[in-house]
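**Q** Structure incoming, see below.
Values in this text are rule-based calculations from the coordinates and carry no lab data. Every value quoted in this text rests on a predicted model; they were computed, and no experiment measured them. All Cβ positions, even for glycine, are placed from backbone atoms using ideal geometry, and neighbour counts span all protein chains on display.
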Amino acid sequence: MLRFVIKHSIGYYFALGLIVGFLTLVTSIRSFAQEEENLEQIELGAQLFAENCAVCHGEDGQGRIGARLAKDWPSIRPDLQVKDTIMRGIPGTLMPAWAQVNGGPLSDEEIDALVYYILTWQSGGPTYIFQSQTPTSQFKLTPPPGITGDPNRGALLYGSNCAVCHGVEGEGRVGALLAKDWPSIRPELRIRSVIESGVEGSVMPAWGKVNGGPLTNQDIDDLVAFILTWSGDAISIETGEPAVGPLTGWPVWVIVIGAFVLMIVAIVYYSRQRTSED
Ligand code: HEC
Ligand code: HEC
């Protein structure tokens, strides 16, 4: 009787393990597919934006003759608000109606992709960044000592606001080189003030809210922390574990295969025992 109970409970745990393994596999495949789909949507959105909207709204949504789109939308459902505007346009302004139902050129799907792309510019919720834009965002960056900002959040802000001028890796383009050793004892103060106030007489804008820019103090601190991860003082910077997402890829297979192996071992073991009992 005792043996039966033990056998029963061990078998029960194996079955449970197997089920959990399979569930993990199924969920992770689903979330992986979802992520792929989101990325595809963003890519389509980016392409459509470059072709149709950048001319008025700026390459990065920073605004030109069209309004600034890289901003936080004061709405609970910014997706609906932005979609509605794109579909219908804004009568009496240069902003045309884009939806096919309103005589425009874009399908519903294309507009959804645009909305998705535009909303990645929100400072609170940039959910995705192109791999090629900031590969660093895959890592968990720790801030250099004494720096309060969050470099991981800074990386996202950088990708959507600064990379266009300063290069994806701070290598400098129309903007100055940022991936360098700063010749200052408190480089964070210097960098912070440049970001906040811009550089007079150059295209470097003032980003601080106090100067009419889009970024909060926290945003700027995060950017400073991120920029400093590039400085040569690499001891202070650890690129740690890749950010942990839902389980995907090989860990799942290890779990599933592990569960199978255990199950087979168990079956062999118990059938042997049974034979020896007989
Ligand atoms: C010919 C210039 C032009 C083009 C092209 C254009 N827009 Fe606009 N857009 C404007 C102008 C101008 C405004 C601001 C209108 C106003 O409120 O005065 C605007 C406003 C908007 C707004 C609302 C902004 C807000 O703060 O509410 C959104 C969203 C928008 N455009 C998205 C797009 C998208 C997406 C595309 C490409 C499919 C696009 N626009 C193409 C000129 C343009
Ligand atoms: C439109 C282009 C442009 C954008 C966008 C831009 N910058 Fe700049 N930035 C510049 C230019 C140009 C300079 C060099 C100005 C000078 O010294 O003449 C500069 C200088 C700087 C400097 C000072 C570099 C030094 O060696 O002193 C910092 C720091 C900086 N930018 C950070 C940022 C951050 C952070 C962002 C995003 C929030 C940003 N920039 C976005 C063009 C840009």
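**Q** Run Lys71 past the list (1) among the basic types (Lys, Arg); (2) surrounded by 16 or more Cβ atoms within 10 Å (Cβ to Cβ); (3) without any contact (Cβ under 8 Å) to a residue 40 or more places away in the chain and report the number of the one that doesn't hold.
**A** Checking Lys71 against (1) among the basic types (Lys, Arg); (2) surrounded by 16 or more Cβ atoms within 10 Å (Cβ to Cβ); (3) without any contact (Cβ under 8 Å) to a residue 40 or more places away in the chain, the one that fails is (3).
**Q** If Gly172 satisfies every condition in (1) in contact with a helix residue (DSSP H, G or I) (Cβ under 7 Å, 6 or more places away or on another chain); (2) near ligand 2 (Cβ under 8 Å from one of its atoms) but one, which is the exception?
**A** Every condition holds for Gly172 apart from (2).
**Q** Step by step: first the residues of segment 205-219, then only those that are in contact with a strand residue (DSSP E or B) (Cβ under 9 Å, 6 or more places away or on another chain) and free of Cβ contacts under 8 Å to residues at least 40 places away in the same chain, then the one that is nearest to ligand 2 (Cβ to nearest atom). Which residue is that?
**A** Gly208
**Q** From the list Glu51, Glu110, Glu36, Glu59, exactly one residue is exposed (fewer than 14 other Cβ atoms within 10 Å of the Cβ) and touching a residue at least 40 places away in the same chain (Cβ under 8 Å). Which is it? Before you say what the answer is, go through the steps one by one.
**A** Details: Glu51 fails: touching a residue at least 40 places away in the same chain (Cβ under 8 Å); Glu110 fails: exposed (fewer than 14 other Cβ atoms within 10 Å of the Cβ); Glu36 fails: touching a residue at least 40 places away in the same chain (Cβ under 8 Å).
Selected residue: Glu59, the only one of Glu51, Glu110, Glu36, Glu59 that is exposed (fewer than 14 other Cβ atoms within 10 Å of the Cβ) and touching a residue at least 40 places away in the same chain (Cβ under 8 Å).
**Q** Okay, next question. Cβ-Cβ distance below 6 Å, separation of 6 or more or different chains: which pairs start in segment 79-92 with a residue that is farther than 13 Å from Ile118 by Cβ and end on one that is within 8 Å of ligand 1 (Cβ to nearest atom) and not in a helix (DSSP H, G or I)?
**A** Gly89/Met95; Gly89/Pro96
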